[in-house]
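Input: a single structure, listed below in structure tokens.
What follows is calculated from the coordinates using simple rules that are stated; it is not laboratory data. No experiment lies behind these values; they were computed from the predicted model shown. Glycine gets a Cβ as well: all are built from the backbone with ideal geometry, and neighbour counts include every protein chain shown.
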Amino acid sequence: MKKDSNILFIVYIMIVIAISELIGMQFVKVGNLTILILPLVFAVLITMIVGIPAWRKGIIQKIYSDANIKFAGSNLIFIMLPLMARYGADVAPKINEIMQYGWVFLLQSVGNIGTVILGLPIALLLGLKREAIGATLGIGREGELAYISEKFGLNGEEGRGVLSMYLVGTLFGALFFSFIPPILNAVGFDYRALAIASGLGSASMMTAASSSIVGLHPQFADTITSFAGASQLVTSFMGTYIMVFLSIPLMNFMYKILKKERAIN
């Protein structure tokens, strides 16, 4: 019975992916700005709408069963691996040019600790408890998702925090990062700086940001894609060490002061 439920769940996922890909990337004009909506955003919207509790009856109830939700959470990390291979393929052709700006990529990664400094106090003020740990350890992307999953599991409070950030980032982050680059470009930022800033650890946000930059500078499409991919790789790689050696100690220090207990043991 459980095996049949998993098969049904996987078939449902494939149908959602097919529908999302058929919709494709959509460009929405808002004044002088063009917002890019990725198929990933449509996939999240479809599964969220179909999964509304009031509608979970019959076959929908079987698809959104507790067993399938746990199955999805425990296997989510495996879909991240092909992304790393894709980034490497994009980076390789421009590796010499990328190495000239190597220190910039490293410095950009340190900015990830801002989620703890700014986000943790706000999350606790809003009433979050242990959920704040998963929600503010990073921007809730692959690295933080993997760490929280291994440390606490995705069904606990910390897991709910990081998964919430992951979904919010997927749904709204891609939209946000598709219209920020045109604004920064208009005030004089170099296209290479914007490309480097695109790689903050999120595949959907990086794709949205770099695609909007390519739309502004199509003649530099290869450089923009390579710089964004390299930044994404560095952030994904260095982000793990920054998280372990900077973000986690900082979170433990701040959480202990604010909540009188350790955040991560």
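What full-extension length gain, to one decimal in nm, is calculated for I15 and V187 as 0.36 nm per residue of separation minus the Cα-Cα distance? Let's see the in-between values first.
Values: separation 172, 0.36 × 172 = 61.92 nm, distance 4.23 nm.
Stretched fully, the I15-V187 segment lengthens by 57.7 nm.
Please compute the length gained on full extension between K259 and N96, using 0.36 nm multiplied by the number of residues separating them and subtracting their Cα-Cα distance.
53.9 nm
Here are some pairs, K70/K129; K151/K259; K151/K256; K57/K151; K62/K129; K129/K151; which of them have Cα atoms lying more than 25 Å apart in this structure? Walk me through the numbers before you get to the answer.
Details: K70/K129 22 Å; K151/K259 20 Å; K151/K256 19 Å; K57/K151 34 Å; K62/K129 31 Å; K129/K151 17 Å.
In this structure, K57/K151; K62/K129 exceed 25 Å between Cα atoms.
Points 7 angstrom from Cα along the Cβ direction at A85 and F172: gap in nanometres?
Here the answer is 3.5 nm between the modelled labels.
At 7 Å along the Cα-to-beta-carbon direction for both S164 and Y241, put a label point, then send me their distance in nm to one decimal.
Each label point is offset 7 Å from its Cα along the Cβ direction, giving 3.3 nm.
Hey, can you list the DSSP H helices of the chain whose Cα span along the axis is 24 Å or longer and whose average Kyte-Doolittle score is at least -1.0?
Numbers: long enough: 2-23 (32 Å, 1.49); 221-242 (30 Å, 0.71).
Length and hydropathy pass: 2-23, 221-242.
For a label point 7 Å from the Cα of V104 along Cα→C-beta, name the residues of the range 174-208 whose backbone N is under 12 Å from it.
189-198, by backbone N distance to the label point.
Find the centroid of the Cα atoms in the range 221-242 and in the range 104-120, then give the distance between the two in whole Å.
14
Give me the Kirkwood hydrodynamic radius of the chain in Å, from all C-alpha pairs, to one decimal place?
Numbers: mean 1/r = 0.0507 Å⁻¹.
19.7 Å is the Kirkwood radius here.
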